[in-house]
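Working notes, beginning with the structure itself.
Laboratory data are not the source of any read-out in this text; all were calculated from the coordinates shown. In this text, all values refer to a predicted model and were calculated from it rather than measured experimentally. All Cβ positions, glycine included, derive from the backbone under ideal geometry; neighbour counts span all protein chains shown.
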Amino acid sequence: MIHSVRNESGTGRLQVIAGPMFSGKSEELLRRVRRAKLAGLDVEVVNHSFDTRHGSGVVSSHAGLSITSTSVADLAGLLTHLGDRTPDILAIDEAQFFGADLIPAVEGLLARGITVIVAGLCVTYYARPFEPLPSLMALAEEAVKLTAVCHVCGADAAFHQRIHDSGVGDSQHPVEEHVGGYETYEARCRRHLTLPTA
């Protein structure tokens, strides 16, 4: 709940919003940020600089909602930007780009009394767990896993797949070229998921 951002011990709470592409993760993050701001809370919004689909310094959903953010290139940049400040809420979008080191960093922020809301992909386009989201979900006070709509049949889609192979990197180690939208990825249900052959 928005009004009880910190518990009685003064530590923060971890909220995780996860799912495949096109499931509304950023939209849900934006909804929570807007509610917190209406409640008068101090909210800091950060996203990874890889995601420039809607310009730098903005978190946007595929539905067209957006909010001003601070874009950082890596976890060190995130922590430097925050410094010694302790906002009520730190919202992090596209968390998968920050890598597994985000897990201990988030634990440190929670110990400082900051509630952290993290949104990102919990599954790769090879349909494998995508850290750090699965681990953060396990550690969270609240974890929401969203689904998209299958591009083929309209069923709930827990996965997404690349429809154009750029030959860049692999699904566990994202690079800037992995950022994309409907032109590069499609949401898929388990029945219609097509994985590349080894």
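Miscellaneous remarks
- Proximity of backbone amide H atoms, modeled 1.01 Å from N, is registered between Ala157 and Ala148, Val149, Cys150 at under 5 Å, excluding neighbours fewer than 5 places apart on the same chain.
- Net charge over other residues, Cβ less than 15 angstrom from the Cβ of Ile17 (K, R count +1; D, E count -1): +1
- Phi angles of the stretch 95-107 translate, via the Karplus equation with coefficients 6.51, -1.76, 1.60 and θ = phi - 60°, into HN-Hα couplings of 4, 4, 6, 8, x, 5, 5, 5, 4, x, 5, 5, 4 Hz per residue; Gly and Pro are given as x.
- In sequence order, the stretch 143-157 has phi-based couplings of 10, 10, 10, 9, 10, 9, 10, 4, 5, 8, 10, x, 6, 4, 10 Hz under the Karplus curve 6.51 cos²θ - 1.76 cosθ + 1.60, θ = phi - 60°, and Gly or Pro positions carry x.
- A protection proxy built from the mean count of other Cβ atoms within 10 Å ranks the segments 33-40, 113-120, most packed first, as 113-120, 33-40.
- Relative protection proxy for 157-164, 83-90, from highest mean packing down: 157-164, 83-90 (other beta-carbon atoms within 10 angstrom).
- Long-range amide H partners of Val123 with built H, under 5 Å: Gly19, Phe130
- Long-range HN-HN contacts of Asp42 with modeled amide H, under 5 Å: Asp88, Ile89
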